[in-house]
Amino acid sequence: MPDASHPVPRQLDVLIVGGGLAGLYAIHRLRKLGLKVRAYEAGSGVGGTWFWNRYPGARCDVESLEYSYSFDAELQQDWKWPERYGTQPEILKYINHVADRFDLRRDVQLDTRITSAAFDGKANEWTVTTDGGEEIRARYCVMAAGNLSTPRVPDFKGLKDFKGKWYHSGLWPHEGVDFSGLKVGVIGTGSSGVQMIPIIAQQARHLTVFQRTANFSLPARNTPMPEEKERKHKAEYPQRRAAAMETPFAIAGHDKPTRSALDVDKAERDASYEAKWQEGGSISYLYAYTDLLVNKASNDTASEFVRNKIRATVKDRKTAELLAPKDHPIGTKRLCLDTDYYETYNRPNVSLVDVRSDAIESITETGLKLGSGAAFDLDAIVFATGFDAMTGALNEIDIRTTDGEALRQHWEGGPLTYLGVMIAGFPNMFVVTGPGSPGVKTQMIASIEQHVDWIADAIDHLHRHQLDRIEPTAKAESEWVEHVNRVADSTLYPLANSWYMGANIPGKPRVFMPYVGGFDRYKKHCDAVAAKGYEGFTLSRHETVAI
Ligand code: N01
């Protein structure tokens, strides 16, 4: 008999972890199957990445007409993107619009973090608990917790003694931060740092950038949305969305390269890089030739072109050389897009400090100290130091299979998945754009839709065949992981110490996590697996035991 101290657990068909772009689409799609679904979101609003990352200059690096849901023709016709690239506030507004338009909010529980999930083999269901102590039971779990949702502040000693204010790009205060008149330090020069540095520089009395690794950045060339471009794009939406499915990055509108960079002479090559540099955007640049991500000699030509642009922009020679990346081929770390990033270093109130040769030793009461003893007085420190990417969000939840094995144990040596969508030994738990899938290397919303559709079809298939359990075989999982590694090893990606490799987190296994064989190939493979009756998965029916 239930009592107030032991309320009856909520019973769901599908529990969704996360209320971002993936969680919201999962609610919409799974509801259509008549399933009882509910998403649990740690934030106090929907939006995931775009709810949390409110730092100055936060903006998507995929063009707004592409970076949007495709599942509803009217939605994509109705929504007006004001600029070539969506700003964080604009994208968050769009996500909130979608939540209202499709009545998704009634199935999102905000301010709720999932802390554990245990599979009960006998009952054939997951028991999930929240940080508020609530218990929920669900036949299926859909982990839509994000790949870059676990912010990481490096373990610098002394941070607690710092008398000024400090911030992380992924946990930005909703009321914003005014840096006017302050001495500010930014640590980190990945996509977040590169976007915020030009804007903070305009406000701060002095900005010191602490750079460990120089990153390649290309000009975004953002503009207000040209009316004609929008009209044409919207008229061609169905064909463009279909064309995107046939590309490695799930982004249409770029001519497929046909030649190696080494098939043409330097003058022709540089002319094509220059045209792409002027056009703005990263996909276009990496798509200039067929082999920029697989042939080091070809890549060197594209890398050197950008290094020369940096040298031509930044007036101080020493600063320019520090900013010119030499430790990794262009594109093997996430290529940044910027507005006036390199130009910012010509400002008299901005300085660059190399913390590769002289590492940050500690945070002090008044700023920051390097190993050499050099000290910097700072009123505010911004950590643009990234995330425990791809595995962080799931490893934070205590996920256990029926015999008690924890996901953290299963992934001790690096993440193991089949297709990046399921894990052997963890039945009925799906991961959206997980490690082993191309998600983070693509237009993310396209990958989210592809995964959620595949998951919905799999659940529908089970139900139509009176089945209620699906899990990958250990063999399928290990063969897929081997394939993901083999594909990565045939490219230049492993040459970079990137978050794709777990390299930004001390002690994290060095395993290349995303699938880089291309979205087009991957989607075809997933479709073929489903068409063959979910090859590599065990589908079964379990008599549930009455509790
Ligand atoms: O994080 P990052 P991010 N001492 O991990 C440095 C997406 N995103 O938030 O390279 C000193 O890339 C670290 O140095 P190193 C996008 O996918 C998209 O910028 O490890 N420095 C690096 O410079 C992106 O890739 C958009 O040597 C330290 C930086 O901090 C991903 O999110 C915008 C340090 C971290 O860079 C993550 O980007 C923003 C230490 N102890 C983000 N520890 C767009 O769509 C770390 N660093 C545009």
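The values are calculated or read from the model by the stated rules, or taken from the named source; none is laboratory data. From a predicted model like this one, the values you see are computed outputs, not experimental measurements. A quick note on method: Cβ atoms are made from the backbone with ideal geometry, for glycine too, and the neighbour counts reach across all protein chains shown. We work out accessible area using only protein heavy atoms, side chains counted, and drop any ligands, DNA or RNA first. Shrake-Rupley method; radii C 1.70, N 1.55, O 1.52, S 1.80 Å.
Brief remarks follow.
- Residue in segment 358-380 that is under 25 Å from the mean Cα position of the chain (by Cα) and of a type in the set (D, E) present: no
- Scanning segment 46-69 for residues that are over 17 Å from the mean Cα position of the chain (by Cα) and open to solvent by less than 10 Å² (accessible area, probe 1.4 Å) yields one hit, L65.
A quick yes/no check of all residues on (1) surrounded by fewer than 21 Cβ atoms within 10 Å (Cβ to Cβ); (2) part of a helix (DSSP H, G or I); (3) within 11 Å of the ligand (Cβ to nearest atom); (4) without any contact (Cβ under 8 Å) to a residue 60 or more places away in the chain:
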| position | (1), (2), (3), (4) |
| --- | --- |
| V186 | no, no, yes, no |
| T189 | no, no, yes, no |
| G193 | no, yes, yes, no |
| M196 | no, yes, yes, no |
| I200 | no, yes, no, no |
| T208 | no, no, no, no |
| N215 | no, no, yes, no |
| R221 | yes, no, no, no |
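Let's see how each residue does on (1) at pLDDT 95 or above; (2) in contact with a His (Cβ under 6 Å, 6 or more places away or on another chain); (3) surrounded by fewer than 22 Cβ atoms within 10 Å (Cβ to Cβ):
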residue	(1), (2), (3)
N497	no, no, yes
M501	no, no, no
P509	no, no, yes
F519	yes, no, no
Y522	yes, no, no
G533	yes, no, yes
G536	yes, no, yes
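- Every listed requirement among (1) closer than 22 Å to Q195 by Cα; (2) touching a residue at least 12 places away in the same chain (Cβ under 8 Å); (3) more than 15 Å from the ligand (Cβ to nearest atom); (4) not in a loop (DSSP other than H, G, I, E, B) is met by D270 save one, (1).
- Filtering segment 364-382 to residues that are open to solvent by 10 Å² or more (accessible area, probe 1.4 Å) and assigned to a strand (DSSP E or B) leaves K369, A375, F376, D377.
- Considered as a group, the residues in segment 326-358 that are among the small types (G, A, S) and under 27 Å from L492 (Cβ atoms) include one that is surrounded by the fewest Cβ atoms within 10 Å (Cβ to Cβ), and that residue is S357.
- Residue match in segment 276-291 (condition: loosely packed, with under 13 Cβ neighbours inside 10 Å, touching a residue at least 60 places away in the same chain (Cβ under 8 Å) and either closer than 25 Å to E321 by Cβ or not β-branched (V, I, T) (or both)): no
- Residues of segment 25-69 that turn out to be within 16 Å of the ligand (Cβ to nearest atom), of a type in the set (S, T, N, Q) and part of a loop (DSSP other than H, G, I, E, B), as a count: 3
- Residue match in segment 468-491 (condition: among the hydroxyl-bearing types (S, T, Y), within 16 Å of the ligand (Cβ to nearest atom) and either modelled with pLDDT of 95 or more or under 27 Å from A250 (Cα atoms) (or both)): no
- Filtered residues of segment 155-184 (kept if of a type in the set (A, V, I, L, M) and either over 21 Å from Q88 (Cβ atoms) or open to solvent by less than 60 Å² (accessible area, probe 1.4 Å) (or both)): L159, V177, L182, V184
- Filter result for A252 (open to solvent by less than 60 Å² (accessible area, probe 1.4 Å), part of a loop (DSSP other than H, G, I, E, B) and closer than 21 Å to T491 by Cα): no
- Condition check for E83: within 16 Å of the ligand (Cβ to nearest atom) and more than 20 Å from the chain's Cα centre (by Cα): yes
- Restricting A58, A39 to those that are in contact (Cβ under 8 Å) with a residue 60 or more places away in the chain and in contact with a Gly (Cβ under 8 Å, 6 or more places away or on another chain) reduces the list to A39.
- Hits in segment 70-89 (condition: open to solvent by less than 30 Å² (accessible area, probe 1.4 Å) and assigned to a helix (DSSP H, G or I)): L75, Q76, Q88
- Taking the listed residues L30, L35, the one that is surrounded by fewer than 22 Cβ atoms within 10 Å (Cβ to Cβ), farther than 23 Å from L335 by Cα and of a type in the set (A, V, I, L, M, F, W, C) is L35, with no other qualifying.
- Close Cβ contacts (under 6 Å, 6 or more residues apart or on different chains) running from residues in segment 327-341 that are among the hydrophobic types (A, V, I, L, M, F, W, C) to residues that are in a loop (DSSP other than H, G, I, E, B) and more than 9 Å from the ligand (Cβ to nearest atom) comprise I330/F216; L335/F216.
- Pairing each residue of segment 499-512 that is small (G, A, S) with any residue that is within 9 Å of the ligand (Cβ to nearest atom), provided the two are 6+ apart or on different chains, yields C-beta distances under 7 Å for A503/N497.
- Scanning segment 73-97 for residues that are over 21 Å from T339 (Cβ atoms) and without any contact (Cβ under 8 Å) to a residue 24 or more places away in the chain yields a total of 4.
- For segment 92-106, the set of residues classified as open to solvent by less than 40 Å² (accessible area, probe 1.4 Å) and either over 19 Å from K36 (Cβ atoms) or under 24 Å from the mean Cα position of the chain (by Cα) (or both) consists of L92, Y94, I95, V98, A99, L104, listed by residue number.
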